[in-house]
Amino acid sequence: MTYQNILLEQPESGIYLLSVNRPKVLNALNAETVSEMESAIRTVSDDRNARVLLVTGAGEKAFVAGGDIAEMQGLHAMQAKTFSQQGLRVLRSLEQLAVPTIAVVNGYCLGGGNELAMACDWIMASDKAVFGQPEVNLGVTPGFGGTQRLTRRVGTAMAIEMITTGRNVKAEEAIAIGLVNHVYPAEQLMDEALKVARTIAAKGPVSVRLAKEAIQRGQHMDLDSAGLLESEVFALCFATTDQKEGMTAFVEKRKAAFKGE
Ligand code: CAA
């Protein structure tokens, strides 16, 4: 499928790369872009050979500099609600993808861009990355989940500070507050992301999906229910050929050849 505002590629088997591709406006998210992202996420979701999804922004300067201000400028309240709900729905579908997702943040990661990055499982950033929720500068609040996901990532105090001051956070501080997992020199970032993607793609595919599901679903449960979920996904692994292959390969001192079934 061809898109106008995004690219969906498979640089290697099982590895998807979704790039927001509007570099002239720093990859700002208009409604059409969000809609194309929804379709791309469905493509990855429907592919049982998918192993991992990387999300990035085209060009040197930005991951995504936010929702498209030019498009939002003239909205009335109910249109703004529709746009917000579209963004929330699409980012939730990204968060709920069965395969691990990594935001590869190469520059400005602001507003809806930071919300997109936080809907990924974790963030790898370049040393030039800048994070923030600057919506209060525009007289609005975050609308694609920032008030909720930033709070869950960095805690209430830091989330309120960042959102009410609109202060930008550079890559090293983003690591210190737990927003970003790793920072790399800009020119190495995509290679490092592909290395991690390859590592994940080589593991037992069913176990990777089930482990993500247990973590994502379990964090909203009480500990006993989450423990039960874990023992159920653990038991389910023993119904797969991947478990037989993984453990047999260990005992036979060879590399496992997983089939994802
Ligand atoms: N929406 C629409 N266009 C944008 C944009 C955005 N979020 N961010 C940048 N652009 C456009 C600029 O208008 C400019 O276009 P022109 O060349 O046609 O003038 C182009 O991208 C390049 O931007 P700048 O000239 O501003 O580049 P800069 O290097 O001087 O500044 C920046 C970079 C600090 C990121 C600045 O562009 C900026 O502050 N952008 C807006 C960031 C922002 O407020 N984001 C939050 C948006 S609201 C939101 O996201 C709500 C939500 O939760 C969904």
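The values are calculated or read from the model by the stated rules, or taken from the named source; none is laboratory data. On a predicted model such as this, the values are computed, not experimentally measured, just so you know. With ideal geometry, Cβ positions are generated from the backbone for all residues, glycine too; neighbour counts draw on all protein chains shown. Just the protein is used for accessible areas: all its heavy atoms, side chains included, with ligands, DNA and RNA removed. Shrake-Rupley method; radii C 1.70, N 1.55, O 1.52, S 1.80 Å.
When the residues of the range 19-55 are filtered to those that are within 16 Å of the ligand (Cβ to nearest atom) and hydroxyl-bearing (Ser, Thr, Tyr), which remaining residue is nearest to residue 114 (Cα to Cα)?
Per the criteria, the residue is 33.
I'm trying to understand the selection: among the residues of the range 57-73, which are at negative phi and surrounded by 14 or more Cβ atoms within 10 Å (Cβ to Cβ)?
57, 58, 61, 62, 63, 64, 65, 67, 68, 69, 71, 72
Select from the range 74-122 the residues that are near the ligand (Cβ under 10 Å from one of its atoms), open to solvent by 60 Å² or more (accessible area, probe 1.4 Å) and in a helix (DSSP H, G or I) and list them in ascending order.
Listed by number, the list holds a single entry, 88.
If you take the residues in the range 1-20 that are among the hydrophobic types (A, V, I, L, M, F, W, C) and surrounded by 15 or more Cβ atoms within 10 Å (Cβ to Cβ), which one is nearest to residue 143 (Cα to Cα)?
20
Give the residue, chosen from 244, 259, 203, 253, that is farther than 26 Å from residue 45 by Cβ, of a type in the set (Lys, Arg) and not in a helix (DSSP H, G or I).
Going through 244, 259, 203, 253 in turn, just one is farther than 26 Å from residue 45 by Cβ, of a type in the set (Lys, Arg) and not in a helix (DSSP H, G or I): 253.
Which of the residues belonging to the range 204-243 are of a type in the set (D, E, K, R), more than 20 Å from residue 96 (Cα to Cα) and surrounded by fewer than 13 Cβ atoms within 10 Å (Cβ to Cβ)?
224
Would you check which residues across the range 179-189 are in a helix (DSSP H, G or I) and open to solvent by 40 Å² or more (accessible area, probe 1.4 Å) and list them?
The answer is 187, 188.
Go through (1) within 17 Å of residue 111 (Cβ to Cβ); (2) outside any helix (DSSP H, G or I); (3) without any contact (Cβ under 8 Å) to a residue 60 or more places away in the chain one by one and return the number of the condition residue 33 breaks.
The number of the failed condition is (2).
Would you pick out the residues in the range 37-59 that are of a type in the set (Asp, Glu) and in contact with a helix residue (DSSP H, G or I) (Cβ under 8 Å, 6 or more places away or on another chain)?
Scanning the range 37-59 gives a single hit, 38.
What number goes with the only condition from (1) over 15 Å from the mean Cα position of the chain (by Cα); (2) in a strand (DSSP E or B) that residue 192 does not pass?
Here residue 192 meets the rest and fails (2).
Looking only at residues that are under 19 Å from residue 100 (Cβ atoms) and in contact with a strand residue (DSSP E or B) (Cβ under 9 Å, 6 or more places away or on another chain) in the range 21-46, which one is surrounded by the fewest Cβ atoms within 10 Å (Cβ to Cβ)?
Per the criteria, the residue is 43.
Give the residue that is surrounded by the fewest Cβ atoms within 10 Å (Cβ to Cβ), with candidates limited to residues of the range 123-133 that are without any contact (Cβ under 8 Å) to a residue 60 or more places away in the chain and away from the ligand (no atom under 16 Å from the Cβ).
That would be 127.
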